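A.B. asks: Shown below is the structure under consideration.
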Amino acid sequence: MNVLVWHGWLLEGAGSNVYTARIAEVYRRLGHDVTLVCQEPHPERFPWIDAWGHAAPAGVELEERRPPTGTAGRCTVLRPRIGSLLPVFVIDEYEGFPEVKRFVDCTDDELDVYLRSNVEALVAVAEWRRPDVVIAGHALPGPVVSRRALGDGFVAKIHGSDLEYAVREQRRCRDLAGEGLDGARAVAGASSDVLRRCEELVPESIGRTLVVPPGVDLTAFRPRPRSDALAAAAGLVEGDPARGSGRHARVDDAVRNALEAGEGAELDRLARTYDQTVPDLDAPRRLRDLAAFEGPTVGYLGKFIPQKGVHHLIAALALLGERAPRVLLIGFGLWREWLAALVGALDRGDIDAVRWWEEATGENLGLDDEAIDGARGLASRTTFTGRLDHRFAPAAVAALDVLVVPSILAEAFGMVAIEGAATGALPLVARHSGLAEVASTLEARAGRPGMFSFEPGFGAPRRIADAIDRLIAMPPEERIDLREAIASVSRREWTWDRTAERLLHAARGSPRDH
């Protein structure tokens with residue numbers, strides 16, 4: 001079967017990127033011919049991609065083919081030629097695109113050019129290899145691009161960022177989402193919550209929705225001894241030549257200077273002085289230093305943007321004071337240096353600097369002067385690594401006792417929570433949106449109501465602190481049993497094979513409400 005998957009961005013980093021990569025990999029392994037249309041600049045890094053090239057109105061041009069591997073299926077990645085502008089939901093840096101703008105900030109002409117370029121490229125792709133099944137990513141732009149290029153009958157996959165950062169914010173985006181989803185055979189989403197929001201915002205999706213949770217790569221995300229896991233992560237990162245362009249430790253001095261001068265624009269600038277897509281230059285050393293520490297470790301894995309709530313986790317550690325465990329912050333994003341500045345201010349017990357940070361960001365950390373003063377030494381307990389993709393992250397996550405998902409904005413699911421659970425890292429997630437569904441499943445299967453979640457909203461840092469305290473204070477034997485239990489639940493409940501199969505079922509049959 002020829003399976004065409006349209007995705008507007010990369011194959012690593014954000015949850016939708018990982019989702020797209022994993023289902024394409026599964027389809028290839030199952031013997032399908034997969035055409036993956038996206039903007040991944042380095043397809044050669046993925047061993048399951050057999051060929052790659054570009055697509056434009058003139059046709060498909062392949063640049064490279066790998067020798068046959070004996071696998072029944074094949075996967076070809078094609079990059080549409082869309083020009084120098086890449087519309088996104090959340091601003092970040094993208095290799096090969098000098099201009100990146102949010103969908104809601106694009107002019108009508110810019111958005112028209114982007115959509116037309118993708119439609120023309122997709123027409124060429126379909127003429128080159130006629131698809132039997134089409135899966136279009138996000139409420140916008142995948143469905144409208146697919147409908148204009150190929151007609152009705154595709155499966156649309158909602159991811160959440162599309163709804164919250166575009167469709168909810170702007171009527172133009174809502175109308176484009178409606179045009180696209182009106183032609184979908186089925187509208188799949190990772191949770192009942194994200195589909196409810198989709199139906200509320202885009203009524204054209206009503207009657208087509210289907211819950212299709214993501215999976216976990218069980219060969220990568222698995223339990224490991226803590227020291228072995230961190231040593232493995234350090235070794236893998238050390239062997240990556242790309243980290244040479246990553247964040248250098250000297251940026252820390254520049255961050256401190258910017259904080260002391262109250263220059264927020266300088267913190268923004270510093271985040272653009274190195275490659276955000278690779279690990280920090282000294283990440284291997286930091287991971288090995290953490291391996292030498294024998295106490296409990298909590299962590300975060302994901303993007304560094306305000307909506308992900310990482311500052312609430314940092315504030316929670318400040319509230320714990322000397323009782324705070326070590327924290328491993330794995331991620332990337334243009335808010336990195338704001339987080340580094342916050343850690344630095346708390347590390348020095350600098351009340352004025354923390355208050356400036358709150359005023360400059362508009363974020364209330366819920367810390368009184370005494371808590372700030374009691375946070376001294378926080379930097380010595382905090383480890384940043386930069387971005388660790390799925391080559392490196394599973395080993396690092398396996399070293400965590402608790403994985404915190406403190407998102408402020410609604411999430412479609414919270415895939416990172418089940419990935420962490422598969423390694424035995426106890427999840428601690430905000431009890432809202434799709435995250436609440438993940439927490440409820442894990443809590444019910446483990447027989448621990450409320451154990452893996454906290455109430456969001458005002459006062460969240462204190463509730464995160466209390467929950468961390470509760471989880472790491474468990475007797476070691478009890479925590480080991482609980483880690484084994486949630487790892488078992490994750491392995492049983494969420495697999496990529498099941499995800500891929502359900503999407504194909506939706507593409508070939510009638511949508512069913514779940």
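A.B. asks: Residues of the range 61-87 being touching a helix residue (DSSP H, G or I) at 6+ places or on another chain (Cβ under 7 Å) and within 18 Å of Y114 (Cα to Cα), which ones?
C.D. replies: L78, P80, R81, I82, G83, L85, P87
A.B. asks: Any residue at all in the range 242-257 that's surrounded by fewer than 22 Cβ atoms within 10 Å (Cβ to Cβ), touching a residue at least 60 places away in the same chain (Cβ under 8 Å) and not in a helix (DSSP H, G or I)?
C.D. replies: No, the range 242-257 contains no residue that is surrounded by fewer than 22 Cβ atoms within 10 Å (Cβ to Cβ), touching a residue at least 60 places away in the same chain (Cβ under 8 Å) and not in a helix (DSSP H, G or I).
A.B. asks: Could I ask something else about it? Could you list all residues from the range 84-113 that are surrounded by 17 or more Cβ atoms within 10 Å (Cβ to Cβ) and over 24 Å from the mean Cα position of the chain (by Cα)?
C.D. replies: L111
A.B. asks: Across the range 464-503, what is the total count of residues that are touching a residue at least 60 places away in the same chain (Cβ under 8 Å) and surrounded by 16 or more Cβ atoms within 10 Å (Cβ to Cβ)? Before you say what the answer is, go through the steps one by one.
C.D. replies: At the first step, the residues of the range 464-503 found to be touching a residue at least 60 places away in the same chain (Cβ under 8 Å) are 464-465, 468-469, 471-472, 479, 483-484, 486-487, 489-491, 493-500, 502-503.
The next check asks that each one be surrounded by 16 or more Cβ atoms within 10 Å (Cβ to Cβ); those that pass are 464-465, 468, 471-472, 479, 483, 486-487, 489-491, 493-496, 499-500, 502-503.
Residues that pass the stated criteria total 20.
A.B. asks: Tell me which of these G207 doesn't satisfy, since it passes every other one: (1) surrounded by fewer than 24 Cβ atoms within 10 Å (Cβ to Cβ); (2) without any contact (Cβ under 8 Å) to a residue 60 or more places away in the chain; (3) out of contact with any strand residue (DSSP E or B) (no Cβ under 8 Å at 6 or more places or on another chain).
C.D. replies: (2)
A.B. asks: Name the single residue that is farthest from E238 (Cα to Cα) among those in the range 293-308 being of a type outside the set (D, E, K, R) and either modelled with pLDDT under 95 or in contact with a Ser or Thr (Cβ under 6 Å, 6 or more places away or on another chain) (or both).
C.D. replies: In this case the residue turns out to be G295.
A.B. asks: Does A233 satisfy the criteria of being among the small types (G, A, S), out of contact with any Lys or Arg (no Cβ under 7 Å at 6 or more places or on another chain) and assigned to a helix (DSSP H, G or I)?
C.D. replies: Spelling it out, A233 is indeed among the small types (G, A, S), out of contact with any Lys or Arg (no Cβ under 7 Å at 6 or more places or on another chain) and assigned to a helix (DSSP H, G or I).
A.B. asks: Quick one: which of L334, L403, L409, L367 is in contact (Cβ under 8 Å) with a residue 40 or more places away in the chain, surrounded by 24 or more Cβ atoms within 10 Å (Cβ to Cβ), in contact with a helix residue (DSSP H, G or I) (Cβ under 8 Å, 6 or more places away or on another chain) and not assigned by TED's automatic domain parsing to the domain that holds Y165? Walk me through it before giving the result.
C.D. replies: Numbers: L334 fails: surrounded by 24 or more Cβ atoms within 10 Å (Cβ to Cβ); L409 fails: surrounded by 24 or more Cβ atoms within 10 Å (Cβ to Cβ); L367 fails: surrounded by 24 or more Cβ atoms within 10 Å (Cβ to Cβ).
The conditions single out L403.
A.B. asks: Sticking with this one: Name, by its number, the condition in (1) part of a helix (DSSP H, G or I); (2) in contact with a Phe, Trp or Tyr (Cβ under 9 Å, 6 or more places away or on another chain); (3) buried (at least 21 other Cβ atoms within 10 Å of the Cβ) that does not hold for V144.
C.D. replies: (2)
A.B. asks: D175: assigned to a helix (DSSP H, G or I), at pLDDT 95 or above and not assigned by TED's automatic domain parsing to the domain that holds T499, yes or no?
C.D. replies: no
A.B. asks: Considering (1) over 24 Å from R172 (Cβ atoms); (2) surrounded by fewer than 20 Cβ atoms within 10 Å (Cβ to Cβ); (3) among the β-branched types (V, I, T), say which one V125 fails and leave the rest.
C.D. replies: With (1) over 24 Å from R172 (Cβ atoms); (2) surrounded by fewer than 20 Cβ atoms within 10 Å (Cβ to Cβ); (3) among the β-branched types (V, I, T) applied to V125, the lone miss is (2).
For (1) in a helix (DSSP H, G or I); (2) buried (at least 24 other Cβ atoms within 10 Å of the Cβ), each residue gets a yes or a no:
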site	(1), (2)
V429	no, yes
E437	yes, no
E443	yes, no
R448	no, no
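A.B. asks: Can you tell which of L329, L290, L267 is modelled with pLDDT of 95 or more and outside any helix (DSSP H, G or I)?
C.D. replies: Just a single option satisfies the conditions, and that option is L329.
The values are calculated or read from the model by the stated rules, or taken from the named source; none is laboratory data. Keep in mind it's a predicted model, so treat the numbers as computed, not measured. For neighbour counting, all protein chains shown are included, and Cβ atoms are generated from backbone atoms with ideal geometry for every residue, glycine included.
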